[in-house]
Every structure is written in C-alpha cells, then in structure tokens.
Amino acid sequence: MEQIRQASAADASRIAELIVINYRMNFYPFFRNDPFYFGELNVLDTAAEYAEGSRALAETYVYDDGVVKGMIRISGREILKLYVEPQFQSGGIGGELLEFAVEKGCDELWALEYNTRGIAFYRRHGFELTGEKMIEDEWVPLVKLVKGNQK
C-alpha cells in the first residue's frame, strides 16, 4: 500500500475528476438527471470542496503510482467515497484503498442500492448488507454495509 498517501490540495482537481467521472458512469444511468449530472456536478465546483484546509481534503487519500488512479474518503469508522478511474478498475486499486481504510478502523459504508457492481465489490472484501436503508437528498436510495459480523 505504498502507493496510498494523504491527498494534498494539488490533488483537488484530479480527485474531482475521479468523482465526476464515476458519478456520471455509475449513477446517471439510474437517475437520468441531466441538469444535475451535466450542470451542477462539475469538476470546478467539486475541486473547490477539496481546497487546502478543507475537511474533505483532510479525510481523503489517493492511490498514486505516478498518476492518481483512485481515491478514498473516510470519516471515523465510515467510508464516505471510494472511486477508481474507470480505465484502471478491476486491477486491485479499489481493493487496496478499501484495505487501507479497514486498517484505519473503517468498518461501515453506504452504497447506492442500484449499484450492484459496487455492492458485489464490497461483499467480496468482507462487507455485508445490514438490511438498513436510507434515502439521501430526498431521492437517492442507499443501503448500509458493514465489515464482518457487525450488523
């Protein structure tokens, strides 16, 4: 896990790019909300959330082997975001980021209920669905997963 490091303000635009690309690829097909996914959701505004001194930046780590290929944001015991550049997915980067978070004490996360690929990824890495659900932002259905037998 030597490629994983604390994110810096210099990474903000790359982190934002990872987030925007993954939201559009993984979530747009379910919600088809053009004004959000191709207007409100943009690299400039997302990068601003990861500015120097921000909480988001302090909670974020990147997978960097010369190119930032993935990111994970954690807060306490919760994994808030985990994204890998689509061209580098299925190469172990997400697994390394997830293992890094678990080693830091993270054992829970919320995933989009429709994201069967993401849920399968977490389950392969020892996370289990708890049966708990919530609606985020009034229209986004999420399911909770925890590591091991912590339901």
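The figures follow:
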quantity: Test for Phe100: is it out of contact with any Asp or Glu (no Cβ under 7 Å at 6 or more places or on another chain), modelled with pLDDT under 95 and not assigned by TED's automatic domain parsing to the domain that holds Phe121; calculated: no
quantity: Criterion violated by Gly118 - all others in (1) within 26 Å of Ser13 (Cα to Cα); (2) surrounded by fewer than 17 Cβ atoms within 10 Å (Cβ to Cβ) satisfied; calculated: (2)
quantity: Residue match in segment 130-141 (condition: surrounded by 16 or more Cβ atoms within 10 Å (Cβ to Cβ) and more than 17 Å from Glu99 (Cβ to Cβ)); calculated: no
quantity: Selected residue (criterion: surrounded by the most Cβ atoms within 10 Å (Cβ to Cβ)) from residues of segment 3-41 that are of a type in the set (Val, Ile, Thr) and assigned to a helix (DSSP H, G or I); calculated: Ile15
quantity: Lone unmet requirement of (1) at positive phi; (2) surrounded by 15 or more Cβ atoms within 10 Å (Cβ to Cβ); (3) of a type outside the set (Val, Ile, Thr) for Tyr61; calculated: (1)
quantity: Flag if Ile74 is part of a strand (DSSP E or B) and over 16 Å from the mean Cα position of the chain (by Cα); calculated: no
quantity: Enumeration of residues in segment 114-135 that are charged (D, E, K, R) and closer than 11 Å to Leu145 by Cβ; calculated: Arg123, Glu128, Glu132
quantity: Top-ranked residue of segment 42-58 - restricted to ones that are more than 15 Å from the chain's Cα centre (by Cα) and in a loop (DSSP other than H, G, I, E, B), ranked as surrounded by the most Cβ atoms within 10 Å (Cβ to Cβ); calculated: Ser54
quantity: Test for Phe88: is it over 26 Å from Trp139 (Cα atoms), surrounded by fewer than 18 Cβ atoms within 10 Å (Cβ to Cβ) and not charged (D, E, K, R); calculated: yes
quantity: Every pair of residues 6+ apart whose Cβ atoms lie under 6 Å, when the first sits in segment 72-87 and is under 19 Å from Met25 (Cβ atoms) while the second is of a type in the set (S, T, N, Q); calculated: Arg73/Thr60; Tyr83/Asn22
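The values are calculated or read from the model by the stated rules, or taken from the named source; none is laboratory data. Keep in mind the model is a prediction, meaning the values are calculated, not measured. For neighbour counting, all protein chains shown are included, and Cβ atoms are generated from backbone atoms with ideal geometry for every residue, glycine included.
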